[in-house]
Amino acid sequence: MDNTHREFVACVDALLRADDVSLHDALEAFGDHVRRHFAEEDEQMRQTAYGNAGCHIEEHEAVLRSLAEVQVALAEGRREVVRSFAHALADWFPEHARVMDQGLAGWLMQHRFGGSPVVIRRRETQRA
């Protein structure tokens with residue numbers, strides 16, 4: 001899952017950095033990635049009867065619907081819509097990964113190994 005998420009971030013970064021000439025290719029690469037990424041997660045949720053699958057899958061479907069609309073906008077020459085979509089994805093994904101995907105990862109580990117994973121977090125230091 002971590003590798004897939006790194007790939008997602010790289011695809012969004014490519015969208016954010018793409019010039020007008022490469023924007024179409026970057027959007028297609030993102031679309032290829034996200035369809036595969038979401039299909040894999042959705043299938044894992046279905047196969048393991050994940051209790052929170054409903055809203056997780058709905059978020060995936062919303063991104064895919066937006067992607068389809070953005071692809072149409074780009075075909076019409078509205079590059080600013082793609083750029084706005086990329087910024088929205090960059091804002092959306094960290095929270096999706098933190099809440100939805102972290103919950104799924106814990107479920108999958110529990111389902112596979114019979115226990116929950118240990119999560120180690122760096123303690124934040126306070127500045128004076």
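Laboratory data are not the source of any read-out in this text; all were calculated from the coordinates shown. Note that the coordinates shown come from a computational prediction; the quantities given were computed from them, not determined experimentally.
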First check a/c for the chain, with a ≥ b ≥ c the square roots of the eigenvalues of its C-alpha gyration tensor; if it is under 1.5, answer rounded, and if not, answer prolate when a/b is larger than b/c or oblate otherwise. oblate
Net length gained if the chain between Arg36 and Gln110 were fully extended (0.36 nm per residue, minus Cα distance): 24.3 nm
